[in-house]
1. Only one of GLU241, GLU301 is acidic (Asp, Glu) and surrounded by 14 or more Cβ atoms within 10 Å (Cβ to Cβ). Can you tell me which?
2. Can you pull out every residue in the stretch 145-185 that is basic (Lys, Arg) and assigned to a helix (DSSP H, G or I)?
3. Filter the stretch 11-31 down to residues that are closer than 15 Å to LEU51 by Cα, of a type in the set (Phe, Trp, Tyr) and assigned to a loop (DSSP other than H, G, I, E, B), then give me how many there are.
4. Can we say LEU117 is of a type in the set (A, V, I, L, M, F, W, C), touching a residue at least 60 places away in the same chain (Cβ under 8 Å), assigned to a helix (DSSP H, G or I) and touching a strand residue (DSSP E or B) at 6+ places or on another chain (Cβ under 9 Å)?
5. What are the residue pairs meeting all of these: first residue in the stretch 211-223, first residue over 17 Å from ILE143 (Cα atoms), second residue part of a loop (DSSP other than H, G, I, E, B) and β-branched (Val, Ile, Thr), Cβ atoms under 8 Å, and 6 or more apart or on different chains?
6. Considering only residues that are among the small types (Gly, Ala, Ser), in a helix (DSSP H, G or I) and surrounded by 16 or more Cβ atoms within 10 Å (Cβ to Cβ), which ones fall in the stretch 93-114?
Amino acid sequence: MAEIAYLQVQRACNQACLFCSNPSNGRSMPFKEAVARLDDYARSGQSGVILTGGEPTLYPHLPELIRAAKTRGIETRIITNGSKTRDLDYLAALADAGLDSMHVSVFSNRADVHNYLAAHGKAFDNIRKTLENAGSLRLDARINSVINKYNSDHLSEIPRWIVRDYPFVHHFSLNNLDPLMVRPDHRDTIPRFSEFELELHRWMDFIHSTGRTFRVERVPLCYMTGFEHCSTETRKIVKQEGRAVHFLDQRGFRQVSPSFFKHDKSDRCKDCTLEPICGGVLEMDIFYDSKEISPVFVSPEPIVEKILAEHD
């Protein structure tokens, strides 16, 4: 699909992930307002909506909202930690309402690491049960992971585990941390690029070798050699796509332009042939070191052509 909107339906959660970018604030969107937002998205030509939070499965009207989206011709997805969807009957109810796909947040294939990052002793077990349920229902399940200091040495183990045990999963997303959204007491989770460079390439190489697809966000192109077309920011810049998001906090509704996906650049970036299509780095020389950035000298044309030829 082309542009897809995000809608926070409530901001409560039953986990306390160390790097949560949208922590609980007690707010929940009234059902009528949520439907009105769907109407806005339908009128503006959004082809899909990702229902998120907090943990969206705690929203009491989630099945009804999914059904409302489907009647408006909007594809629906959720991002979930798997806590409620471990209940097969509940997940079946979402599927019956018309849920098209679910993004399951997996921080590590190692139970102790995942549970630590989620601050929940049963988080990993919830993930496994949720994926088993998705498989039995033949529901489109996708994996979302966050690069951090605690999984940076074994990122590639995550898709290997998923492909082995849940072969129906066909798409992976990997997001580097937004340092501004990490709570001050957990900034130890922010990795250096050098700490995950090798594992990132192993992650990309393995998924590509299986014929599956992936996207990587908040990683500059000098760390994505050979897979530049899979950068979320680069795809947005090339295709001139924005993103509509409704937050349940002071940010409210935001319709961001493609320029939103362009971040800080270093002096070294001036010599890079991919600089015009690279998203750069968030908080350069505050949380990420510009000395870790290196210019590359490859033609951007084949990358642009590949992105424009793909349909997603």
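The values are calculated or read from the model by the stated rules, or taken from the named source; none is laboratory data. Just so you know, these numbers come straight off a predicted model, no measurement behind them. We place every Cβ from the backbone using ideal geometry, glycine too, and count neighbours over all the protein chains shown.
1. GLU241
2. ARG160, ARG164
3. 0
4. Here the answer is yes, as LEU117 does meet what is asked.
5. Final answer for the pair search is PRO220/ILE293; LEU221/VAL296; CYS222/ILE293; CYS222/VAL296.
6. Matches in the stretch 93-114: ALA95, ALA97.
Matching residues to (1) surrounded by fewer than 16 Cβ atoms within 10 Å (Cβ to Cβ); (2) closer than 15 Å to LEU282 by Cβ; (3) among the aliphatic types (A, V, I, L, M); (4) modelled with pLDDT under 95:
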| residue | (1), (2), (3), (4) |
| --- | --- |
| ILE162 | no, no, yes, no |
| PHE168 | yes, no, no, no |
| TRP203 | no, no, no, no |
| GLU217 | no, yes, no, no |
| PHE227 | no, no, no, no |
